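Data block below; observations after.
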Amino acid sequence: MKNLLEGKYRDHIIGLLLWLGIFITYLQTIASTVEFIDSGELAAVSYVLGIAHPTGYPLWTLIAHIFSSLPIAKEEIVRLNIFSAFITAGAAVIFYYAMLFLLRADGDENDPLLIFIPAVFSALTLAFSQTFWDQSTSIEVYALHVFLLCSTILFFARAVFFYINTQVLDQRLWWLFAFTLGLSFTNHLTTILLAPAFLYLYFSAFGFSKGAFRQILVLALPFALGLSVYLYFPIRAVQQPVLNWGYPATLERIFWHISGKQYRIWMFSSSDVMAKQWKHFFDALPTEFYYAPLLLSALGVWRLIIHNRRILVFILLLLAGCVLYTINYDIKDIDSYFLLAYISIAMLAGFGIVEAGALFKTLWGSIAVIAILAGVLIAEISANIPEVDARDNYLVEDYTTNILTNLEPNAIIISYQWDYFIAASYYFQYVKHVRDDVMVIDKELLRRSWYFMQMKKNHPEIYEKSKRDIDSFLEELAKFEHDTPYDPAVIEAKYNQMIDGFVDHNVDSVAIYVTAEIEPHLASHYLRVPEGFAFRLYRDSTYHPVRFPTISYHPYHKANIYTQQIHHLYTSMLAQRALYEEGQGKMDFAQQYARKAYEINPSVATAQFLKRLTVSP
């Protein structure tokens, strides 16, 4: 028993207990179904072994596919959400090991107050910070990303400091680092944000010598072995899975997909974007850790200035590299891109605890420090649980199935509601086979040439009817995709003509719908009639009665941009049908729709709308 409490056994026992505690806590907050944004698409991709949106995430896809088949839950999506909790908890424990190593490089290995307590607390404060914790609640690629980031940092630090202390290269550590780095790139390209800190620490240890550059060449082989996971793209793309984003079967398309070519327009676009995202980071930072750990991070900076500036510069470069890149990326769901910054801040907090512990070395002082840290951690967890808890969030599942369920058989629906409907529809159609007779067309993905290869595979009859319009559009689109001279007006005209063609060629044989955000100039020669949660296109303007829609709705009132928008989408479509019924003199039906809108979204505007309908003649 004594041996188990010493040396590496002690480290691993603490690590195992830490993982169990974090994982069990995470399980209390994981989503029971699909979430907003990419959750549904990623779940479907992992299940069918498809290819996800750029940058493709092949390593994540393969590992998640294994988890999707494990008998750990009835629903595939729940298995994948458990996978996120499992691997995020693992990332926190890898961080704990990294902190143990860095703290031992800086302090007294035999003093638990200066080693184990800072390592455990910094790992827990990271694990229960808002954005890090959020990665555990539903399927996303960032859970594996933080696991690989922390692993890469651990292996790199161990390899460098072993050389600093012994002047001997441990090639096993270096190969493990390089291989893990390659793997990390196959999961998320923002692994590149490690570069400034890693290059600094590497050359500060080796100098700019021939030996340093020779070592880099040696590491190219294990790095390439890690990158070889990208071979999944051409191998799987030519097999044409139902989800085949980018069709990365050629070198050109592989490069486009891995480099995220279609997202470049949102990167380094303006100083206004930089200011906006910097403000978002700065405003969100206090609540990420719930204040007190940030004070410990500041104390950690002070300690490292005095005791170990090499480690300080390393951590600050991790932080700066992440923040300076991320504030130049103009997307809404930006928080996950700051994860490396939050990892860096948690590192500094660990060193801050060491400094606090060094000031209170008496027994009662140690007890006071531990009690304060426990209080800080309890406050952080209590504050962040309501923000991350996704157990009762069925909004996306309800909304997606409500749209699909109320469509006519073999319908076509054109939409651009990726965050709320389209991504989730992939899961429900391709995994759960809910209304897989319906063809869901992403209006914006029609601007990508690969999308038509997927359409031809999955819906050949629709593709063939519009082949002439598609070919005409693709001829112009190829100029844009290959950066040759093009006329944007011509491309847009061909694009609009093609969408109108989809409707013209099919409206007499199947029901065709558009969702509310589709611009009025598309299929403008058809009347849009609200039916269910989309508009059906008709050639005539006569009254079109429909049965009251089948609606499944679980109340969930957490306020953020996504929940507010989905409630607005519900209310808007029900109100549109109420107005349509009112215009036809069907006041009973109009009031029924208005009452349902109020039940889902009891806002002042909806209440006033219902009141107006109630007093109408």
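The values are calculated or read from the model by the stated rules, or taken from the named source; none is laboratory data. In this text the structure is predicted, and so the values were computed from the model without any measurement. Glycine gets a Cβ as well: all are built from the backbone with ideal geometry, and neighbour counts include every protein chain shown.
From the list F502, F480, pick out the single residue that is over 30 Å from the mean Cα position of the chain (by Cα), surrounded by 15 or more Cβ atoms within 10 Å (Cβ to Cβ) and in a helix (DSSP H, G or I).
Testing whether each residue is over 30 Å from the mean Cα position of the chain (by Cα), surrounded by 15 or more Cβ atoms within 10 Å (Cβ to Cβ) and in a helix (DSSP H, G or I) leaves just F502.
From the residues in region 505-535 that are exposed (fewer than 14 other Cβ atoms within 10 Å of the Cβ) and among the small types (G, A, S), which one is farthest from S572 (Cα to Cα)?
Here the residue is S509.
Which one of the conditions (1) surrounded by fewer than 20 Cβ atoms within 10 Å (Cβ to Cβ); (2) closer than 27 Å to I254 by Cα does T61 fail to meet, given that it meets all the rest?
Among (1) surrounded by fewer than 20 Cβ atoms within 10 Å (Cβ to Cβ); (2) closer than 27 Å to I254 by Cα, T61 violates only (1).
Tell me, yes or no, whether region 373-394 has at least one residue that is surrounded by 19 or more Cβ atoms within 10 Å (Cβ to Cβ), out of contact with any helix residue (DSSP H, G or I) (no Cβ under 9 Å at 6 or more places or on another chain), modelled with pLDDT of 95 or more and not in a strand (DSSP E or B).
yes
Just checking: which of the helices (runs of 4 or more DSSP H) contained wholly in region 84-198 hold 3 or more residues that are in the same structural domain as S382 (by TED's automatic domain parsing) and among the aliphatic types (A, V, I, L, M)?
116-127, 142-166, 171-187
With the requirement that a residue be in a helix (DSSP H, G or I), at pLDDT 95 or above and not aliphatic (A, V, I, L, M), what does region 51-73 give you?
P58, W60, T61, H65
Sort out which residues of region 306-346 are in a loop (DSSP other than H, G, I, E, B) and over 21 Å from A98 (Cα atoms), and write them in order of number.
I327, N328, D330, I331, K332, D333, I334
Can you tell me which residue in region 205-228 is nearest to G182 (Cα to Cα), limited to those that are of a type in the set (G, A, S) and modelled with pLDDT under 95?
Checking each candidate, the answer is A212.
If the requirement is being at pLDDT 95 or above and more than 15 Å from the chain's Cα centre (by Cα), which of these qualifies: L103, L80, L114, L124?
That would be L124, the only listed residue that is at pLDDT 95 or above and more than 15 Å from the chain's Cα centre (by Cα).
Can you name the number of the only condition in (1) buried (at least 24 other Cβ atoms within 10 Å of the Cβ); (2) among the β-branched types (V, I, T); (3) part of a helix (DSSP H, G or I) that V34 fails?
All conditions pass for V34, except number (3).
Looking at region 243-254, is at least one residue surrounded by fewer than 16 Cβ atoms within 10 Å (Cβ to Cβ) and outside any loop (DSSP other than H, G, I, E, B)?
yes
Going by the conditions given, is H554 in contact (Cβ under 8 Å) with a residue 12 or more places away in the chain, over 28 Å from F36 (Cα atoms) and part of a loop (DSSP other than H, G, I, E, B)?
In short, no.
Only one of R577, R612, R547, R539 is of a type in the set (K, R) and modelled with pLDDT under 90. Can you tell me which?
R612
Any idea which residue in region 1-24 is nearest to Y96 (Cα to Cα), counting only those that are modelled with pLDDT of 70 or more and charged (D, E, K, R)?
That would be D11.
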